[in-house]
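**Q** Sharing a structure, written as structure tokens. Questions coming.
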Amino acid sequence: MCGRFTLYSAFDDIIDQFDIDQFFPKGEYQPSYNVAPSQNILAIINDGSHNRLGKLRWGLIPPWAKDEKIGYKMINARAETITEKPAFRRPLVSKRCIIPADSFYEWKRLDSKTKIPMRIKLKSSALFAFAGLYEMWSTHQGDPLYTCTIITTEPNEFMKDIHDRMPVILAHDHEKEWLNPKNTSPDYLQSLLLPYDADDMKVYQVSSLVNSPKNNSAELLDAENHM
């Protein structure tokens, strides 16, 4: 699964890397070293003409949901079954997004009682994009609430030792394909949801401070020395 990640890159770098044409004021951007579910996260959509940067709440709420609490159970969507699940079939065709990040955290199980937090990033330390879906849900007051989910897939050889799932990090040439609203074939879209190249990734253990979403500082990125 993917339950935590970071996004602390410079705002201008995000705009440049993902060819964003429309975005909110730069002063509203807050770097985060511990992005967690239920928070508003940065996401990019394409409206047919422009890449637009906005904020979506992490945890997808389907339009037909009676209660927003379902979002806590839908922070991830499995790539293998995304064409089958009612909550994901429609947004797969018409409401796709990418979610910028510069690393993510996963907890490696050592034994039945012990898990340690690991930080996973690209060897180049470059920004990357998770594949995501989004939806609009109407609150009981009639206000629109835009939410999203991050898609996961089977782990590559690098991630197998850490967890049995990994987030879909889109290859750079697949980002535009994923965002392009003209692409509506479920089979084609599903074919883009591949495990990332294991040779391009690196990992190291970090402090258990990351376990709490309340902790959000650059020290979370520091490597633990006793792995």
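**Q** Within the range 201-227, which residues are under 28 Å from Tyr134 (Cα atoms) and part of a helix (DSSP H, G or I)?
**A** Residues satisfying the conditions are Val210, Asn211.
**Q** Quick one: count up the residues across the range 18-69 that are aliphatic (A, V, I, L, M) and farther than 28 Å from Pro86 by Cα.
**A** Qualifying residue count, the range 18-69: 1.
**Q** If you don't mind, there's one more thing I want to ask. Identify, please: which residue in the range 132-160 is assigned to a strand (DSSP E or B) and of a type in the set (Gly, Ala, Ser) and is, among those, surrounded by the fewest Cβ atoms within 10 Å (Cβ to Cβ)?
**A** So, considering only residues that are assigned to a strand (DSSP E or B) and of a type in the set (Gly, Ala, Ser), the one surrounded by the fewest Cβ atoms within 10 Å (Cβ to Cβ) is Ser138.
**Q** Another question about this same structure. Suppose we filter Ser207, Ser191 for residues that are surrounded by 11 or more Cβ atoms within 10 Å (Cβ to Cβ), modelled with pLDDT of 95 or more, farther than 23 Å from Ser124 by Cβ and in contact with a strand residue (DSSP E or B) (Cβ under 9 Å, 6 or more places away or on another chain); which single one remains?
**A** So the residue among Ser207, Ser191 that is surrounded by 11 or more Cβ atoms within 10 Å (Cβ to Cβ), modelled with pLDDT of 95 or more, farther than 23 Å from Ser124 by Cβ and in contact with a strand residue (DSSP E or B) (Cβ under 9 Å, 6 or more places away or on another chain) is Ser207.
**Q** So is Met166 modelled with pLDDT under 95 and either surrounded by 13 or more Cβ atoms within 10 Å (Cβ to Cβ) or not basic (Lys, Arg) (or both) or not?
**A** no
**Q** Quick check, is His174 outside any strand (DSSP E or B), touching an Asp or Glu at 6+ places or on another chain (Cβ under 6 Å) and not hydrophobic (A, V, I, L, M, F, W, C)?
**A** No: the conditions fail for His174.
**Q** Within the bounds of the range 12-27, is there any residue that is assigned to a loop (DSSP other than H, G, I, E, B) and under 27 Å from Trp107 (Cα atoms)?
**A** So far as the range 12-27 goes, no, none of its residues is assigned to a loop (DSSP other than H, G, I, E, B) and under 27 Å from Trp107 (Cα atoms).
**Q** Being touching an Asp or Glu at 6+ places or on another chain (Cβ under 8 Å) and either over 26 Å from Arg52 (Cα atoms) or part of a loop (DSSP other than H, G, I, E, B) (or both) is true for just one of Glu80, Glu84, Glu106. Which residue is that?
**A** When all the criteria are applied, what remains is Glu80.
**Q** Let me ask something else. Could you please find all residues in the range 210-227 being within 17 Å of Leu7 (Cα to Cα) and aliphatic (A, V, I, L, M)?
**A** Scanning the range 210-227 gives Val210, Ala218, Leu220, Leu221.
**Q** Additional query: For Lys66, state whether it is surrounded by fewer than 17 Cβ atoms within 10 Å (Cβ to Cβ) and assigned to a strand (DSSP E or B).
**A** Against the criterion (surrounded by fewer than 17 Cβ atoms within 10 Å (Cβ to Cβ) and assigned to a strand (DSSP E or B)), Lys66 does not qualify.
**Q** Please specify each residue of the range 110-131 satisfying the condition of being more than 12 Å from the chain's Cα centre (by Cα), in contact (Cβ under 8 Å) with a residue 40 or more places away in the chain and part of a strand (DSSP E or B).
**A** Of everything in the range 110-131, those that are more than 12 Å from the chain's Cα centre (by Cα), in contact (Cβ under 8 Å) with a residue 40 or more places away in the chain and part of a strand (DSSP E or B) turn out to be Ile116, Pro117, Met118, Arg119, Ile120, Lys121, Leu122.
**Q** Any idea which of (1) in a helix (DSSP H, G or I); (2) closer than 19 Å to Val35 by Cα; (3) among the basic types (Lys, Arg) is the one Arg57 doesn't satisfy?
**A** (1)
**Q** Can I ask one more? Among the numbered criteria (1) over 18 Å from the mean Cα position of the chain (by Cα); (2) over 27 Å from Tyr8 (Cβ atoms), which one does Ile82 miss?
**A** Ile82 satisfies all of (1) over 18 Å from the mean Cα position of the chain (by Cα); (2) over 27 Å from Tyr8 (Cβ atoms) except (1).
**Q** Quick check on my filter: what residues within the range 132-190 are acidic (Asp, Glu) and closer than 19 Å to Gln39 by Cα?
**A** Of everything in the range 132-190, those that are acidic (Asp, Glu) and closer than 19 Å to Gln39 by Cα turn out to be Glu135, Asp143.
**Q** I'd like to verify a number: residues in the range 69-97 that are within 25 Å of Ser212 (Cα to Cα) and either surrounded by 18 or more Cβ atoms within 10 Å (Cβ to Cβ) or not basic (Lys, Arg) (or both), how many?
**A** 7
**Q** Another one. Assigned to a loop (DSSP other than H, G, I, E, B), farther than 21 Å from Pro91 by Cβ and modelled with pLDDT of 95 or more: is that true of Ser9 in this structure?
**A** Considered against the rule, which asks whether it is assigned to a loop (DSSP other than H, G, I, E, B), farther than 21 Å from Pro91 by Cβ and modelled with pLDDT of 95 or more, Ser9 comes out as yes.
The values are calculated or read from the model by the stated rules, or taken from the named source; none is laboratory data. None of the values given here were measured: they were computed from a predicted structure. Note that each Cβ is placed from the backbone with ideal geometry, even for glycine, and that neighbours are counted across all protein chains shown.
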